[in-house]
Amino acid sequence: MGAFENKTVIVTGGGFAALKDGSAGSIGYGIATAFAKEGANLVLTGRNVQKLETAKEKLEAEFGIKVLPVQADVEASADNKAVVQNVVDKAMAEFGRIDVLVNNAQASASGVTLADHTTDQFNLAIYSGLYAAFYYMQACYPHLKETKGSVINFASGAGLFGNYGQCAYAAAKEGIRGMSRVAATEWGPDGINVNVVCPLAWTAALEKFQDEYPDAYKANVHMPPMGHYGNVETEIGRVVVQLASPDFKFMSGETITLEGGLGQRP
């Protein structure tokens, strides 16, 4: 019996994306896999329906859990509160509870300098990341209060260290960190812990970044002292599972850097 059997986990940006070698290359899918191994039922959101359906097929077949895929896109022209509420309503109708919220979804125009950034590019990062986390946290709060659940939000070394060509991405991620600390303060009395993960994993998005913006990639992406990039399931997803477990309930408002020794801070 898994530690999260009969519990429900929402993972935004949870679709399956393949690396060039065909293996899993998305952090959201790695997180979903780690929770599926613990018996959790999953609500996966994302823009791409095919990626969500592929994730559902793979996870249900391998682990015998239930996966609810919901297409959802938080962006500047949408009624985002309604978009997110639809996800939460469907989750409650299907599973009757929400135990963990993982805000992983994020889009950005990485590689574009601050001077060259357009408002649309800035909005892309702020809406898909910061606003999405805001709306999902608001909509899930009453249900997380009932289950004394957990929130794990995703930030980045881009914000911690001011990476070249990532101004909007960094702004969104640092906004998420600030909001997470406030939530940890406000929701602690409700038994909800809120933490932040800054990962470095080899993903399909990182492969694409390397291909499309080689100069920015070379300036920003370095091999960690551990000698490899993180595995999306075993080295990122498993930590997220632990942060949602009873053993880590007293930890809240913290930022965990999973960069193999690269993201060291005082």
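The values are calculated or read from the model by the stated rules, or taken from the named source; none is laboratory data. Because the structure is predicted, anything quoted here is derived from the model rather than measured. All Cβ positions, glycine included, derive from the backbone under ideal geometry; neighbour counts span all protein chains shown.
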Taking the criterion of being crowded, with 18+ Cβ neighbours inside 10 Å, more than 25 Å from residue 48 (Cβ to Cβ) and either modelled with pLDDT under 95 or among the aliphatic types (A, V, I, L, M) (or both), would at least one residue in segment 130-149 satisfy it? yes
If you take the residues of segment 112-126 that are more than 24 Å from the chain's Cα centre (by Cα) and aliphatic (A, V, I, L, M), which of them is nearest to residue 220 (Cα to Cα)? 114
So which of 65, 98, 31 is crowded, with 19+ Cβ neighbours inside 10 Å, assigned to a helix (DSSP H, G or I) and touching a strand residue (DSSP E or B) at 6+ places or on another chain (Cβ under 6 Å)? 31
From the set of residues in segment 101-128 that are loosely packed, with under 14 Cβ neighbours inside 10 Å and among the hydrophobic types (A, V, I, L, M, F, W, C), which is farthest from residue 241 (Cα to Cα)? 115
How many residues does segment 204-231 contain that are buried (at least 18 other Cβ atoms within 10 Å of the Cβ), within 22 Å of the chain's Cα centre (by Cα) and more than 21 Å from residue 31 (Cα to Cα)? 3
Matching residues, segment 160-197, being modelled with pLDDT under 95 and in contact with a helix residue (DSSP H, G or I) (Cβ under 6 Å, 6 or more places away or on another chain): 163, 164, 165, 166
Can you name the number of the only condition in (1) out of contact with any strand residue (DSSP E or B) (no Cβ under 8 Å at 6 or more places or on another chain); (2) buried (at least 23 other Cβ atoms within 10 Å of the Cβ) that residue 37 fails? (2)
Of residues in segment 85-95 being of a type in the set (A, V, I, L, M, F, W, C) and touching a residue at least 40 places away in the same chain (Cβ under 8 Å), the one surrounded by the most Cβ atoms within 10 Å (Cβ to Cβ): 91
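Restricting to helices (runs of 4 or more DSSP H) lying wholly in segment 130-201: which have 2 or more residues that are under 20 Å from residue 242 (Cα atoms)?
Per the criteria, 132-147, 167-187.
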Consider residue 2 carefully, then state whether it is surrounded by fewer than 23 Cβ atoms within 10 Å (Cβ to Cβ), on the phi > 0 side of the Ramachandran plot and modelled with pLDDT under 95. no
Which residue pairs have Cβ atoms closer than 8 Å, lie 6 or more positions apart in sequence or on different chains, and pair a first residue in segment 70-84 that is in a helix (DSSP H, G or I) and modelled with pLDDT of 95 or more with a second residue that is surrounded by 14 or more Cβ atoms within 10 Å (Cβ to Cβ) and aromatic (Phe, Trp, Tyr)? 80/127; 80/131; 80/135; 81/135; 83/135; 84/135; 84/136
Every pair of residues 6+ apart whose Cβ atoms lie under 6 Å, when the first sits in segment 171-199 and is within 30 Å of residue 117 (Cα to Cα) while the second is among the basic types (Lys, Arg) and part of a helix (DSSP H, G or I): 196/177
Say we look at segment 6-28 and pick out the residues that are within 9 Å of residue 102 (Cα to Cα) and of a type in the set (A, V, I, L, M); which of these is surrounded by the fewest Cβ atoms within 10 Å (Cβ to Cβ)? 10
Identity of the residue in segment 34-62, touching a helix residue (DSSP H, G or I) at 6+ places or on another chain (Cβ under 9 Å), of a type in the set (D, E, K, R) and part of a helix (DSSP H, G or I), that ends up nearest to residue 129 (Cα to Cα): 51
